[in-house]
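These notes are about the structure you will find just below.
The values are calculated or read from the model by the stated rules, or taken from the named source; none is laboratory data. This structure is a prediction, so every number in the text was calculated from the model and none was measured. Cβ placement follows ideal geometry from the backbone for every residue including glycine, while neighbour counts extend to all protein chains displayed.
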């Protein structure tokens, strides 16, 4: 894509009301735009990143047998009353129509998926199975202040699994945990992330959070010095030893909850009477797991982890483009390389604008595409384009052919 | 995909409260599930269709220079007050948070995109440009009764274009019109669709609707017998002659509005003061066009047009799978063909369930995948699978190799 044609522009400074690095850099780079606190437009560059993250998650969900579908955002009040969450959930947005009927704007979808499955699951032979969606969620955050880390409206992947026995749920839960590690690895967050024991509510012992270390994090975790697993603040006081290794020394750290997984047991199947006949003909209540990961939050967390004073440094798997091609007064030659890269299906962002070299370099650093290739009089005299990684200081001259070969 | 693993099941009869063919067949086939009137879950088979439609639309929007992005669903009240639509729009859902602040749930996005563009567009050099999104819209329909043709919550593609002059808008409008015809052709609806002149509001002469003939349609159009363009009911009384050819004879017909395009002129740029400096330094208000097409409605319209008494007959471009492979007691042989098809990237739905032949055939007709390949003792003796188009009565025997070759 040609930078001259992109309708967004970079900005020299961030909006005054944005304090988090993710919001400041993503706004300045033209990835997102704040409509109001906690509510953002995802601009073309940002959408490219989000789609990369989405596809990674989709592949890993499909790999553990997840079936993709999509539930609505408007939920009937009755479903939420049935689970008691219509009144118990403080951050539930409620909508009333002209006839006085009330709806919830879904912050999560147990109240929709459990009754849905009642229509399809009738025998133990239908089990286990898992279904997931990418869906916009709504949560009434009165003080949204961490950029896209905590929104009133945000894109989330939620997977739900259904099982006949707790043992079967346990097995699937471990598979889902592994899938989450694969996702985090592919988006570049695994190394900084700690599996964190959290409360399992009244119905299971622990749930697990994937907590990524960051000073921008709103959460505090306590990392076991022995096994590197962690416990969250909520269970800290009542958990003297590490649930994983019994270690007793913990290090406090700030972290962002990148994802969480939860054995819901029969908490939501019971209110909707989601039972099947077992192999011996007896009726059995299903047990359920849920597995969430926020896509906008993942994008924000990546920026918190991967940036420097000049801008974002995208990991290749989630970068909006692979290479930022910059023409410094050598449009004809750059144009040829642009076409070569495109022909070879290399995602290229082409800075063909009529602005200064300094502005082009500053924008490239801010936007943070992993590779930068500069075509100038000097680079051409040396035999090609000056190619540099965003994460490194020094570049080298590569001919167009070698550049294509290296990036393919 | 294996049919035995799909979490949805087909249903012999449709819910009593569904009257439209689209809702009845899509529900029975396991494409959608009604959560409440006008609000549907899109099940795995339905999502496959929606993604096909989405990709077709995306390709055609990109081809006319549209840049994809995503605006939020929650809108600040102030933006809607600025255009007067906070009180003027009857079907606007309003949400109040705990602090008393009010939001609109977006039924359309002019109130978001116009102020957004004010941040980026400063000179005539930035123009023209166009941006689009796929986004869930909300409309307070008190009596939603046409299945997914008219929902309270529905997926829509909306494109917005921005121009310095009316002439430039006119030119782009014609390009967008052509793109809409291409989309309709690819999803199989072009032949039954009439370009329909509709009111242009107070600010332009006409807008245009793409009206697809169907008895299920909620709209009435008047088709010019001479040129086959049409006018809608709203402008019928004040439009004695066809705006396209001056013809005076019209034929009344029921139709579904599959899409619409509108020259908004400065209706939304003015309230948000979206001006740029012209080439001669003078300030000029931008003019704007908008172009909408509902994806859930397109899916519903396709079903209304393409079905018979036994079920849906998907056009190939939007079908959930290309071929429905059915094993009648010959699982080993069918399994081999399933693998061959998958290896060749042919989208195959494999009925490996342990149910009767009659049930398998009935389900295949109901689900409506374009090709059906039956593997039975009889077909194997004759040299392969019995292959039949959903739209035809008679099939023929094809060897596995020829089947793969034909479908590739």
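Every residue, every condition in (1) within 30 Å of residue B:355 (Cα to Cα); (2) in the same structural domain as residue A:273 (by TED's automatic domain parsing); (3) more than 26 Å from the chain's Cα centre (by Cα), yes or no:
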{"position": "A:82", "(1), (2), (3)": "no, yes, yes"}
{"position": "A:99", "(1), (2), (3)": "no, yes, yes"}
{"position": "A:111", "(1), (2), (3)": "no, yes, no"}
{"position": "A:115", "(1), (2), (3)": "yes, yes, yes"}
{"position": "A:120", "(1), (2), (3)": "yes, yes, yes"}
{"position": "A:132", "(1), (2), (3)": "yes, yes, no"}
{"position": "A:174", "(1), (2), (3)": "no, yes, no"}
{"position": "A:182", "(1), (2), (3)": "no, yes, no"}
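Please verify whether residue A:81 is under 20 Å from residue B:138 (Cβ atoms) and either more than 7 Å from chain B (Cβ to nearest Cβ) or modelled with pLDDT of 95 or more (or both), treating the condition exactly as stated.
Answer is no for this residue.
Within 24 Å of residue A:73 (Cα to Cα), crowded, with 17+ Cβ neighbours inside 10 Å and facing chain A (nearest Cβ under 8 Å): is that true of residue B:121 in this structure?
no
Tell me, which strands (runs of 3 or more DSSP E) lie completely within segment A:295-408 with 3 or more residues that are over 16 Å from residue A:46 (Cα atoms)?
Of the strands (runs of 3 or more DSSP E) lying wholly inside segment A:295-408, those with at least 3 residues that are over 16 Å from residue A:46 (Cα atoms) span A:323-327, A:371-375, A:385-389, A:396-398.
Can you find, within segment B:137-152, the residue that is farthest from residue B:103 (Cα to Cα) among those that are facing chain A (nearest Cβ under 9 Å) and touching a strand residue (DSSP E or B) at 6+ places or on another chain (Cβ under 6 Å)?
B:152
Which residues, counting only those in segment A:1-53, are in a loop (DSSP other than H, G, I, E, B) and either facing chain B (nearest Cβ under 8 Å) or closer than 17 Å to residue B:112 by Cα (or both)?
A:6, A:7, A:8, A:9, A:30, A:31, A:37, A:38, A:43
Could you grab the pairs with beta carbons closer than 7 Å, sequence gap of 6+ or different chains, first residue in segment A:272-299 and closer than 30 Å to residue A:146 by Cβ, second one at pLDDT below 95?
Correct list of pairs: A:296/A:148; A:296/A:151; A:297/A:148; A:297/A:149; A:299/A:148.
Name the residue, out of A:76, A:107, A:72, that is surrounded by 15 or more Cβ atoms within 10 Å (Cβ to Cβ), over 27 Å from the mean Cα position of the chain (by Cα) and under 18 Å from residue B:105 (Cα atoms).
None of the others qualify; the one that does is A:76.
I'd like the full set of residues that are at pLDDT 95 or above and over 12 Å from residue B:347 (Cβ atoms), limited to segment B:319-331.
Of everything in segment B:319-331, those that are at pLDDT 95 or above and over 12 Å from residue B:347 (Cβ atoms) turn out to be B:326, B:327, B:328.
Contact list please: Cβ distance under 8 Å, first residue in segment A:120-132 and in contact (Cβ under 8 Å) with a residue 24 or more places away in the chain and on the phi < 0 side of the Ramachandran plot, second residue assigned to a helix (DSSP H, G or I) and surrounded by fewer than 20 Cβ atoms within 10 Å (Cβ to Cβ), pairs at least six apart or on different chains.
Short answer, once both residue conditions are applied: A:127/A:168; A:128/A:168; A:131/B:44.
Let me spell it out: the conditions are (1) out of contact with any helix residue (DSSP H, G or I) (no Cβ under 6 Å at 6 or more places or on another chain); (2) closer than 30 Å to residue B:82 by Cβ, and residue B:243 meets all of them except one. Which number is the exception?
(2)
Within segment B:54-75, track down each residue that is more than 9 Å from chain A (Cβ to nearest Cβ), touching a residue at least 40 places away in the same chain (Cβ under 8 Å) and more than 18 Å from residue A:58 (Cβ to Cβ).
Of everything in segment B:54-75, those that are more than 9 Å from chain A (Cβ to nearest Cβ), touching a residue at least 40 places away in the same chain (Cβ under 8 Å) and more than 18 Å from residue A:58 (Cβ to Cβ) turn out to be B:56, B:57, B:60, B:61, B:63, B:64, B:66.
Which residues, taken from segment A:141-151, are assigned to a loop (DSSP other than H, G, I, E, B) and either at pLDDT 95 or above or within 13 Å of the chain's Cα centre (by Cα) (or both)?
A:150, A:151
Where residues in segment B:211-228 are touching a helix residue (DSSP H, G or I) at 6+ places or on another chain (Cβ under 6 Å) and modelled with pLDDT of 95 or more, which of them is nearest to residue B:189 (Cα to Cα)?
B:212
If I go through segment B:237-256 residue by residue, how many of them are modelled with pLDDT of 95 or more and under 27 Å from residue B:150 (Cα atoms)?
So the answer is 7.
Are any of the residues in segment A:371-379 touching a residue at least 60 places away in the same chain (Cβ under 8 Å), surrounded by 15 or more Cβ atoms within 10 Å (Cβ to Cβ) and farther than 12 Å from residue A:323 by Cβ?
Checked against the condition, which is being touching a residue at least 60 places away in the same chain (Cβ under 8 Å), surrounded by 15 or more Cβ atoms within 10 Å (Cβ to Cβ) and farther than 12 Å from residue A:323 by Cβ, segment A:371-379 yields no hits at all.
Among the numbered criteria (1) touching a helix residue (DSSP H, G or I) at 6+ places or on another chain (Cβ under 8 Å); (2) within 7 Å of chain B (Cβ to nearest Cβ), which single criterion is violated by residue A:95?
The single condition residue A:95 does not satisfy is (1).
Have a look at A:203, A:197, A:210 and point out the one that is in contact (Cβ under 8 Å) with a residue 24 or more places away in the chain, more than 28 Å from residue A:313 (Cα to Cα), assigned to a strand (DSSP E or B) and in the same structural domain as residue A:59 (by TED's automatic domain parsing).
Step by step, each of A:203, A:197, A:210 is checked, and only A:197 is in contact (Cβ under 8 Å) with a residue 24 or more places away in the chain, more than 28 Å from residue A:313 (Cα to Cα), assigned to a strand (DSSP E or B) and in the same structural domain as residue A:59 (by TED's automatic domain parsing).
When residue A:393 is evaluated against the numbered criteria (1) under 20 Å from residue A:315 (Cα atoms); (2) in contact with a strand residue (DSSP E or B) (Cβ under 9 Å, 6 or more places away or on another chain); (3) free of Cβ contacts under 8 Å to residues at least 12 places away in the same chain, which criterion, by number, is the only one it fails?
Condition (2) is where residue A:393 drops out.
Which of the following residues is closer than 24 Å to residue A:303 by Cβ, free of Cβ contacts under 8 Å to residues at least 40 places away in the same chain and touching a strand residue (DSSP E or B) at 6+ places or on another chain (Cβ under 6 Å): A:235, A:221?
The conditions single out A:221.
Does segment A:127-136 contain at least one residue that is at the interface with chain B (Cβ under 7 Å from one of its Cβ atoms), under 26 Å from residue A:175 (Cβ atoms) and part of a loop (DSSP other than H, G, I, E, B)?
No, that holds for no residue.
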